[in-house]
Structure formats: C-alpha cells, structure tokens
Amino acid sequence: MPGGGRCPDCGSTELVEDSHYAQSQLVCSDCGCVVTEGVLTTTYSDEGNLREVTYSRSTGENEQVSRSQQRGLRRVRDLCRVLKLPPTFEDTAVAYYQQAYRHSGIRAARLQKKEVLVGCCVLITCRQHNWPVTMGTLCTLLYADLDAFSGTYMQIVKLLGLDVPSLCLADLVKTYCSSFKLFQPSPSVPAKYVEDKEKMLSRTQQLVELADETWLVTGRHPLPVITAATFLAWQSLRPSDRLTCSLARFCKLANVDLPYPASSRLQELLAVLLRMAEQLAWLQVLKLNKRSVVKHIGDLLQHRRTLVRKAFRDGTAETEPQEKELQEQGQGQGQGKEEVGGSSLDLPEGKRPASPALLLPPCMLKPPKRTCPMPPVPMVTGDENISDSEIEQYLRTPQEVRDFQKAQAASRAAMSIPHPP
C-alpha cells in the first residue's frame, strides 16, 4: 500500500482494500488480518494513510454538543434577551461560553457553577462594550450567590485571557438611579418625596465624582457609594421636607435594596462635605454639622475643585510660605509681634498653623488592626545551668566575692589533679 501503515499482527505493509457488502475493509495480504472493519469514520490524521478510525476517536466526537452545553447556550441567549442586549452582544456571549466549555475544569464543574458561567459570559460582553450592567443585577436574575459569581468571573477572565475594562461610573450612576421609584407620584410615595429625574441624576453624578476624587470609590463596590450619593442629592434638593427621612426609609420608598456599607459611605461623604464647608467664609460662622451641611451641598459642589484643593492639601507645602510671610512682616515694618497678632493668621508666637487633612485612601487613614503575636514563654524547670555572669549579679559583699573566687580556684585545682588509674 503506497505510504500506508503496518499490520498490527505481522508488521507487514501490504495492506489492501477489500470491499465486503456495503462497507470497505482494510486487510493484510500476508497474514489475512482485518486491520479495520465496518466503522464510522470522519476526518482524522490517520485517514491520510487510508486508515479508518472509530467514531469515538474521530473529530466527530468533539463536534457533538452535550445536553448540558445546549442548555447553557439557551440560557445565555435567554439572558441576553431579558436584558434587551443587541444581537452582536448575544453572539459574543455565546462564543465566550463555548470557549470556556472546552476546558475540562468547566465541563466537569457542578450545575451551579455552569449556571453562574452563563451570567459571567454576559457580564464580560457587557463590560467590553461599555454596557452598564452590574454583577448584582445578574446575580438577582440567576438567583446566584455573589461570592460564587465573582469567583467564577475572575476565573473565566484569567482562563480565556480576556481584557475586560472596568465599568464606567457615569453610566452606572445613570442606570442604577433610573431604577428608583421616586420620579412619578404613586400611593406609596408622598408628593413631597417625588423628585425630577434629571436634577437628581445631575447632582448624584457630581457627588459621585467628588467621592471618586477623595478616594471613597477606589477599591470598593460602587453601588453603596452611589446609593449614599443619591440619598444626599435627593435630600439637598428639598432639605426642609426630607432631612427627617433616613437612608433606610429612602431605599424602601425607592424600592431598592440597601447595601450594607452604604451607611458608612454616607458618613464618609458627609465628613468630606464638612471639611469643604470649613473653607467657605459664609459657612464658617454657621457651625455646620453632618445634618445641616446637606442644605449647602449645591454651593459646595459649585466650587468643588477649589474647595477640595484647599481642604485636602499637603500641610508642609502650606506652612513654609506662611512662615516666610510672618518673617517679612516682622522685618519690613518693624512692628513684629503686634502685626503677627493682628494678622489674619492669629497664631501665637512659636506655633505653626494647623495642616489640612491629607488626601489619602480610607484604608491608609484608618488601617485595620492586626493582632500582635505573643512571644513564646520559656518553660522554667529549675534544672537549667546558671552562667558565671548571672551568679555575679547576686554577689553583694566583698566577702562573698572572695568566697566565690576561692571556690572557683578550688574547682580548677581539683580538675587539674590527675586521677589514679
């Protein structure tokens, strides 16, 4: 047989094709061994040598789609249609699901993980096309655990080697705030709590940008920050009627879930606003607190960039010009302490002005406490050897020192005397 294989029994290369009924067979002409017999064939490397292969060893087995994969593909398409995604998004998500399913670790996973895989492929597609869909939304639609979803998401991104950009914060604010049930009057929402959608979105966007500039968003889940910013924006538009409303009641009226860290993000935002209010002259005399500062959020956001630079600035760069100004005033006009005392600084002699707060992430301003390991306690049994230096610490009188020296000399002499055999 030209360029053919070998007989598995005798090793001969004389293989001939013998048609038997409707199926051809490959037979060794020397020993009569049937090398291949009626089996299904597809494209395979051995077919280049006219060798028939079984279906389980052929590429046809790889082309077969299992029922589990078919169900997953249907779920991907259904989820894309529920989210009303464009057809191109659906095709991309299906392609990612098929690529992930080729890995043995995914094929052998449990049904729960395969269900989460559906949402991960859709989320990756939306992130790559800058489509504002959150991980929490997909977890709600799939009834999936958030921790399991995030773990599978990171695994698929690493497994497929995908470049997934981070979600645009502005689009997320617009999408998330649009789900609030506060823009149309209803029996469950009083008239004084109904707000214009565009005004609320604009002010929420400004507050989220402020939180981003002051490190309140970095490394954190964005939804709690957006919830706190939306609550402050809603209160500041009509503070007289809404200051008494709590964050929990606001979320209940808006028909949204209250994220657990939203209360902490709210307190951090209010602390930033108070720090900015200290830089405005007409607000310094009001002695604002975290409740009353909400009334002046509009003024603070109007001068946001300037106030942030003044409130959060490196203190060392600020005190040097002020000290030089004090020296120039004292030397140039000859009045010294009187002018320093009557200046706008009003600082006592020898005192430096207070430095503004450093603009650092909260994890650096309040680092988590770490447990200090206790040093091992040595076990004292009383049989330990006592060193000479330690014995000398207990000698007090000259007589004791002399006695100790005599004892040492006697000990050395006893050790130097040779013992009889």
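The values are calculated or read from the model by the stated rules, or taken from the named source; none is laboratory data. These figures come from a predicted structure and were not determined experimentally. No Cβ is skipped: glycine too gets one built from the backbone with ideal geometry, and neighbour counts run over all protein chains shown. To get the accessible areas, we keep the full protein, side chains included, count just its heavy atoms, and leave off ligands, DNA and RNA. Shrake-Rupley method; radii C 1.70, N 1.55, O 1.52, S 1.80 Å.
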* Gap in Å between the Cα centre of the stretch 253-300 and the Cα centre of the stretch 106-142? -> 36 Å
* FRET efficiency, HIS129 to THR397 (Cβ-Cβ, R0 56 Å, nearest 0.05) -> 0.05
* Mind scanning LYS113/LYS158; LYS174/LYS295; LYS174/LYS199; LYS252/LYS366 and naming the pairs with a C-alpha gap bigger than 20 Å? => LYS174/LYS295; LYS252/LYS366
* Please report the Cα spread of the stretch 147-215 along all three principal axes, rounded to whole Å, starting with the longest. => 52, 30, 17
* Asked: Can you list residues whose amide H is under 5 Å from SER186's amide H, if they're 5+ apart or on another chain and H is modeled 1.01 Å from N?
  -> none
* How high is the FRET efficiency between THR88 and ARG309 when r is their beta carbon distance and R₀ equals 45 Å, given to the nearest 0.05? -> 0.55
* Asked: Order of 98-107, 168-177 by packing, highest average Cβ count within 10 Å first?
  -> 168-177, 98-107
* Hey, with R₀ at 25 Å, roughly what FRET efficiency would ASN289 and SER202 work out to, going by the Cβ-Cβ distance, to 0.05? -> 0.45
* Residue-by-residue Karplus 3J(HN,Hα) for the stretch 368-379, coefficients 6.51, -1.76, 1.60, Hz, glycine and proline x -> x, 6, 10, 6, 8, x, 6, x, x, 8, x, 8
* To do: Would you please give the residues with an amide H less than 5 Å from that of VAL35, counting only those at least 5 places away or on a separate chain, with H modeled from the backbone geometry?
  => LEU26, VAL27, CYS28
* To do: Give, in nm to one decimal, the length gained when the segment between GLU17 and ALA409 is fully stretched (0.36 nm per residue of separation minus the Cα-Cα distance).
  => 130.3 nm
* Would you kindly state how much longer the chain becomes between ALA170 and SER66 on full extension, computed as 0.36 nm times their sequence separation minus their alpha carbon distance, in nm to one decimal? => 33.3 nm
* Treating cross-link reach as a plain straight distance, find the lysines whose alpha-carbon is under 30 Å from the alpha-carbon of LYS369, omitting any fewer than eight places away in the same chain. => LYS290
* To do: Run the quick spin-label model on LYS181 and LYS366: label points 7 Å from Cα toward the beta carbon, then report their separation in nm to one decimal.
  => 3.3 nm
* Find how much the distance from ASP241 to ASP145 grows on full extension, using 0.36 nm per residue of separation minus their present alpha carbon separation; answer in nm with one decimal. => 30.7 nm
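How much accessible area per residue does the stretch 184-230 have, counting only protein heavy atoms and a probe of 1.4 Å, in square angstrom? It would help to have the intermediate numbers written out before the result.
Working: 2220 Å² over 47 residues.
On a per-residue basis, the stretch 184-230 sits at 47 Å².
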* Asked: Distance in nm between label sites at ARG107 and CYS10, each 7 Å beyond Cα in the beta-carbon direction?
  -> 4.0 nm
* Of the accessible area of the stretch 110-164, with the probe set at 1.4 angstrom, what percent is carbon plus sulfur? -> 55 percent
* Structure fact -> Note, the stretch 284-301: 3J(HN,Hα) by Karplus (6.51, -1.76, 1.60, θ = phi - 60°), whole Hz, Gly/Pro = x, goes 5, 7, 8, 6, 6, 10, 5, 8, 7, 5, 5, 5, 10, 5, x, 5, 5, 6
